[in-house]
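> Dropping the structure in here first, questions after.
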Amino acid sequence: MRLLKLVPDHTNIHFLKWQWPTTIISVALMVLSWVLIFTHGLNLGVDFVGGQMIRVTFTQSASAPTAQLRSEVEALGFGEPIIQTFGAPNEISIRLRLPEGSDKNPAAAEAMAKTVTAKVKSAHADARIDGIDSVSGKVSGELGTVAIKALGAAALAISIFIWYRFEWQFGVGALISLIHDVTLVLGLFAITQMEFDLTTVAAILTVIGYSLNDTIVVYDRIRENLKKFRKMPLPELLDLSVNETLARTVVTSGTMLITLLALALLGPKVIFGFSAALILGIFVCTYSSIYAAAPMLIWLKVTPSSFVDTESKLDRQERLAREQR
Amino acid sequence: MLDFPRWKQLWLWFIALAAMAAAVPSFVSFAGYAWPAALPNPKINLGLDLAGGSHLLLEANPDQVTALRLESKEEEVRNALKKASHPVQIGDISNKDGSLSFMVSNPADVDAAREAVLPLTNGAGLSGQRDWDIKVVDTTRIVLTPTKAGIDQAVSDAMSVATEVIRKRIDALGTREPTIIRQGADRIVVQVPGLKDPTALKELLGKTAKLEFKLVDTTASPTDVQSGIAPPGDEIVPYASGAGAMAVKRLGGIKGDQLASAKQVFEQQTGEAQVQINFNQAGGEKFAALTSANVNKPFAIILDGKVLSAPNINQAILGGTAVISGSFTVQSATQLAIALNSGALPVDLKVVEERTVGPDLGADSIQKGAIAMGVGTLAVVVFMAVTYGRFGMYANAAVIINVIMILGIMAVFSTTLTLPGIAGFVLTIGAAVDANVLINERIREERHRGRKVFQAVELGYKEASRTIFDANITHIISAVLMFVLGSGPIKGFAVVLMIGIVTSVFTSVYLTRMWVALWLRKARPNDITI
């Protein structure tokens with residue numbers, strides 16, 4: 001049986017040829033992402049800004065009567081609601097700010113939820129209330145701090161680990177490509193205005209994990225080749241390492257994409273944003289492990305001298321034979 | 001590499017099967033069979049986002065605990081000085097600025113007063129720290145200031161009591177399997193699966209249920225009461241109905257902690273819902289004494305700082321039973337009875353976070369999540385099989401065993417499976433496949449370099465393990481940090497990831513290695529398709 005090969009056996013793509021154009025693209029995308037994050041802002045959910053979110057599914061209609069709902073809820077006098085679909089057009093969330101003083105008097109938030117759900121139910125017979133989340137300003141602030149701490153600590157701890165396992169250049173390179181990946185995913189959330197909640201933070205942590213996973217596989221091969229081919233110029237060695245790991249990169253990204261696509265298309269709509277972020281994350285991580293993580297090592301001036309020669313006996317025989325040739 | 005002793009094989013199979021077996025009770029119902037009590041019966045908990053239900057985060061106000069503590073300490077100090085071998089005369093006790101201070105009438109008694117009060121100031125835990133600092137100022141003034149340790153201890157005690165009270169109240173509602181956990185210094189998490197409408201629960205938990213009977217001060221001038229000025233020894237208490245307020249005597253009343261039981265009853269003539277309470281021995285005696293001494297005077301029934309009603313005492317009530325009326329519905333009277341029976345909350349609790357998931361959405365999520373996982377796994381299985389042939393099938397078997405093992409281990413630790421947890425599964429499948437991709441690609445590479453089959457496989461596993469190790473350690477680091485620092489969904493995701501990383505290394509490295517080794521030993525192929 002002939003097996004499927006997505007990547008031919010002996011690739012020799014000169015990746016670093018595009019080093020400068022890709023660097024410009026990467027930097028441009030990062031700047032664009034930051035501009036979007038600051039101008040558009042992230043569409044923060046009640047987890048981070050506090051307030052009340054009511055999720056409604058319209059069981060009979062294909063799409064929710066969003067405009068009508070907006071005016072109905074607005075007429076109740078609790079302020080302007082944010083109404084959004086998530087995933088399917090018949091599933092929406094209605095977000096409202098908690099009424100003044102509800103921190104002291106929880107009954108106010110309760111009454112608001114009751115009024116809004118009663119209105120939605122009476123105006124739309126097929127509306128099914130799926131859930132009510134109500135988060136006070138104090139708690140949402142804490143959740144935000146906790147999320148930022150978790151993100152920062154994870155990124156930092158992993159970089160330190162890579163520094164310890166490899167060399168400082170690798171740690172810095174991994175951290176920068178990590179920032180690149182996370183920035184671009186945040187940019188996606190800024191441009192699509194998909195809701196950014198605690199589940200999204202889990203997605204971003206996953207992107208961090210995957211980004212580093214991908215970077216490590218390439219770095220590992222670079223380290224191995226640095227030990228093996230001590231005289232090879234660095235750009236050439238990087239190209240070789242990326243080529244050698246290309247098949248793995250493509251197959252793994254492929255399997256991840258398959259499962260994530262299944263999750264995005266067939267999974268519960270509540271985690272559509274999660275899956276979407278991860279899908280973009282996979283593309284960005286794969287790209288950055290080739291075009292950001294590897295060239296970075298040239299700029300950071302990695303040399304083979306920092307690694308002790310630990311190549312296997314077989315490899316050594318091979319190398320000696322090649323060098324004699 | 002080919003050397004796989006029998007004990008090692010048995011050991012690997014034992015681990016895999018044991019973890020997989022633990023998953024069985026979560027999926028097969030043994031309701032009809034006699035499940036031996038000696039056997040563990042672990043089950044995976046479904047998070048509220050999957051099962052539907054309500055999650056409430058309640059927060060206490062530590063300042064209130066401190067204020068209540070000052071109040072009770074005031075009484076203790078008075079009693080201690082009265083009962084001392086040389087009773088000490090003191091002036092008014094003030095509790096301004098969070099500390100108690102009082103003047104000793106006769107300066108010669110200061111030392112005696114200090115001696116008498118001293119025993120009241122230690123007892124913050126076992127460490128022997130004082131819970132109050134005691135100081136003599138200006139030769140006659142004694143000041144008691146609560147210490148940090150004392151306050152912390154008091155808040156902690158109050159929260160323990162509150163947790164118990166909440167448990168009793170929720171049990172009285174008849175809801176199933178609630179989870180009630182203290183979180184941090186001043187918070188309690190309440191999770192009730194399957195509860196669709198948390199309104200009743202919130203109303204019940206929002207009641208402090210501090211019941212007091214206090215004498216009404218009929219001499220207070222109505223204008224003073226209206227403008228909120230309390231005559232000496234009185235306090236102003238508003239009506240629960242919102243209509244005005246009244247002045248009552250601060251001291252000499254009866255507190256609800258002397259109740260034996262409470263139940264909802266109907267007034268015989270009007271059919272109005274009421275709450276009947278029964279005092280315990282001491283409470284009954286006190287109530288009898290209070291009512292017989294104050295016949296024809298009104299007394300106020302106060303709940304959570306608000307007057308429910310203020311009936312006249314027509315005759316002494318000696319039976320230890322009283323009836324509270326105050327325009328109740330049957331439901332609100334029942335709720336009050338439940339709240340009184342479970343005892344008063346030592347501190348007010350307010351809802352700072354609420355999440356309710358309808359059971360329909362939960363069921364929907366579970367179904368869709370399962371379908372997505374099934375389809376995703378199937379697609380990966382096909383993809384791996386056509387990419388790596390026999391080696392791909394080994395990887396596939398490893399992935400499937402991996403998923404069942406994760407479920408089993410989650411069941412053993414009764415971890416909660418949440419929606420982000422399902423996403424964690426997807427990522428774990430990806431990571432497990434990645435390990436095998438790394439190994440298989442390496443074997444391919446070594447074959448292309450002209451290595452013999454056995455050598456290529458051996459080097460494939462050996463060289464790839466280092467990369468797999470580095471990659472998994474980074475995953476572990478981020479998962480542990482997510483678990484420690486994260487909350488809610490992030491934690492749910494991290495749990496699956498942590499378990500998944502361990503099982504995926506076990507299945508995709510050790511199990512496949514055993515299978516490949518056994519096959520190579522048996523078939524001795526000269527060439528492999530990979």
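The values are calculated or read from the model by the stated rules, or taken from the named source; none is laboratory data. Just so we're clear, the structure is a prediction, and the values are computed from it rather than from any experiment. Neighbour counts run over all protein chains shown; Cβ positions are idealised from the backbone, glycine included.
> Cβ-Cβ under 8 Å, sequence separation 6+ or interchain: first residue in the stretch B:462-475 and within 9 Å of chain A (Cβ to nearest Cβ), partner among the aromatic types (Phe, Trp, Tyr). Which pairs?
B:473/A:161; B:474/A:161
> Are there any pairs, at least 6 apart or on different chains, whose C-beta atoms fall under 6 Å, with the first in the stretch A:127-138 and under 11 Å from residue B:54 (Cβ atoms) and facing chain B (nearest Cβ under 7 Å) and the second surrounded by 24 or more Cβ atoms within 10 Å (Cβ to Cβ) and of a type in the set (Ser, Thr, Tyr), and if so, which?
The qualifying pairs are A:131/B:356; A:132/B:356.
> Given the structure, is residue B:381 within 12 Å of chain A (Cβ to nearest Cβ), under 20 Å from residue B:444 (Cα atoms), in a helix (DSSP H, G or I) and without any contact (Cβ under 8 Å) to a residue 60 or more places away in the chain?
Details: within 12 Å of chain A (Cβ to nearest Cβ): yes; under 20 Å from residue B:444 (Cα atoms): yes; in a helix (DSSP H, G or I): yes; without any contact (Cβ under 8 Å) to a residue 60 or more places away in the chain: yes.
Against the criterion (within 12 Å of chain A (Cβ to nearest Cβ), under 20 Å from residue B:444 (Cα atoms), in a helix (DSSP H, G or I) and without any contact (Cβ under 8 Å) to a residue 60 or more places away in the chain), residue B:381 qualifies.
> Does residue B:258 meet the test of being crowded, with 17+ Cβ neighbours inside 10 Å, free of Cβ contacts under 8 Å to residues at least 40 places away in the same chain and of a type in the set (S, T, N, Q)? Spell out how you get there, then give the answer.
Values: crowded, with 17+ Cβ neighbours inside 10 Å: yes; free of Cβ contacts under 8 Å to residues at least 40 places away in the same chain: yes; of a type in the set (S, T, N, Q): yes.
Taking the combined requirement at face value, the residue satisfies it.
> Has the stretch B:341-351 got any residue that is of a type outside the set (Lys, Arg) and in a strand (DSSP E or B)?
Taking the stretch B:341-351 first, the residues of a type outside the set (Lys, Arg) are B:341-349, B:351.
Subsequent filtering for residues that are in a strand (DSSP E or B) retains B:349, B:351.
Taking every residue of the stretch B:341-351 in turn, at least one turns out to be of a type outside the set (Lys, Arg) and in a strand (DSSP E or B).
Residue-wise test of (1) part of a helix (DSSP H, G or I); (2) more than 24 Å from residue B:205 (Cβ to Cβ); (3) in contact (Cβ under 8 Å) with a residue 60 or more places away in the chain.
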{"site": "B:284", "(1), (2), (3)": "yes, yes, no"}
{"site": "B:288", "(1), (2), (3)": "yes, yes, no"}
{"site": "B:292", "(1), (2), (3)": "yes, yes, no"}
{"site": "B:301", "(1), (2), (3)": "no, no, yes"}
{"site": "B:308", "(1), (2), (3)": "no, no, yes"}
{"site": "B:314", "(1), (2), (3)": "no, yes, no"}
{"site": "B:332", "(1), (2), (3)": "yes, no, no"}
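> Next question, about the same structure. Evaluate the following for residue B:528: is it more than 7 Å from chain A (Cβ to nearest Cβ) and either touching a strand residue (DSSP E or B) at 6+ places or on another chain (Cβ under 6 Å) or not in a helix (DSSP H, G or I) (or both)? Even if it seems obvious, please write down each step before you answer.
Details: more than 7 Å from chain A (Cβ to nearest Cβ): yes; either touching a strand residue (DSSP E or B) at 6+ places or on another chain (Cβ under 6 Å) or not in a helix (DSSP H, G or I) (or both): yes.
Spelling it out, residue B:528 is indeed more than 7 Å from chain A (Cβ to nearest Cβ) and either touching a strand residue (DSSP E or B) at 6+ places or on another chain (Cβ under 6 Å) or not in a helix (DSSP H, G or I) (or both).
> Within the stretch A:76-91, identify whether any single residue is out of contact with any Pro (no Cβ under 6 Å at 6 or more places or on another chain), within 14 Å of chain B (Cβ to nearest Cβ) and part of a helix (DSSP H, G or I), and answer yes or no. Give the derivation first.
First, pick out the residues of the stretch A:76-91 that are out of contact with any Pro (no Cβ under 6 Å at 6 or more places or on another chain): A:76-91.
Next, only the ones that are within 14 Å of chain B (Cβ to nearest Cβ) stay: A:86-88, A:90-91.
In the following step, the residues that additionally are part of a helix (DSSP H, G or I) were identified as none.
No.
> Between A:163, A:168, which is among the hydrophobic types (A, V, I, L, M, F, W, C), modelled with pLDDT under 90 and either out of contact with any helix residue (DSSP H, G or I) (no Cβ under 8 Å at 6 or more places or on another chain) or more than 26 Å from residue B:480 (Cβ to Cβ) (or both)? Reasoning before the result, please.
Working: A:163 fails: either out of contact with any helix residue (DSSP H, G or I) (no Cβ under 8 Å at 6 or more places or on another chain) or more than 26 Å from residue B:480 (Cβ to Cβ) (or both).
The unique qualifying residue is A:168.
> Then there is this: Quick one: what pairs do we get from the stretch B:488-514, first residue within 10 Å of chain A (Cβ to nearest Cβ), second outside any helix (DSSP H, G or I), C-beta under 7 Å, 6+ apart or different chains?
Correct list of pairs: B:489/B:418; B:492/B:47; B:492/B:416; B:492/B:418; B:494/B:486.
> What number goes with the only condition from (1) more than 26 Å from residue A:226 (Cβ to Cβ); (2) at pLDDT 85 or above; (3) at the interface with another protein chain (Cβ under 10 Å from one of its Cβ atoms) that residue A:150 does not pass?
For residue A:150, the failing item is (2).
> Quick check on the stretch B:116-130: of everything there that is surrounded by 15 or more Cβ atoms within 10 Å (Cβ to Cβ) and either modelled with pLDDT of 80 or more or closer than 19 Å to residue B:85 by Cβ (or both), which residue is farthest from the chain's Cα centre (by Cα)?
Selected residue: B:116.
> Can you pull out the residues in the stretch B:400-441 that are surrounded by fewer than 24 Cβ atoms within 10 Å (Cβ to Cβ) and more than 28 Å from residue B:487 (Cα to Cα)?
B:400, B:401
> If you don't mind, there's one more thing I want to ask. Looking only at the stretch A:213-239, how many residues end up being without any contact (Cβ under 8 Å) to a residue 24 or more places away in the chain and surrounded by fewer than 18 Cβ atoms within 10 Å (Cβ to Cβ)?
The total comes to 4.
> Which residue, of B:296, B:314, is farther than 30 Å from residue B:193 by Cα, in contact with a strand residue (DSSP E or B) (Cβ under 8 Å, 6 or more places away or on another chain), away from chain A (no Cβ under 14 Å) and not hydroxyl-bearing (Ser, Thr, Tyr)? Can you show your working first?
Numbers: B:314 fails: in contact with a strand residue (DSSP E or B) (Cβ under 8 Å, 6 or more places away or on another chain).
Within the list B:296, B:314, the selection yields B:296.
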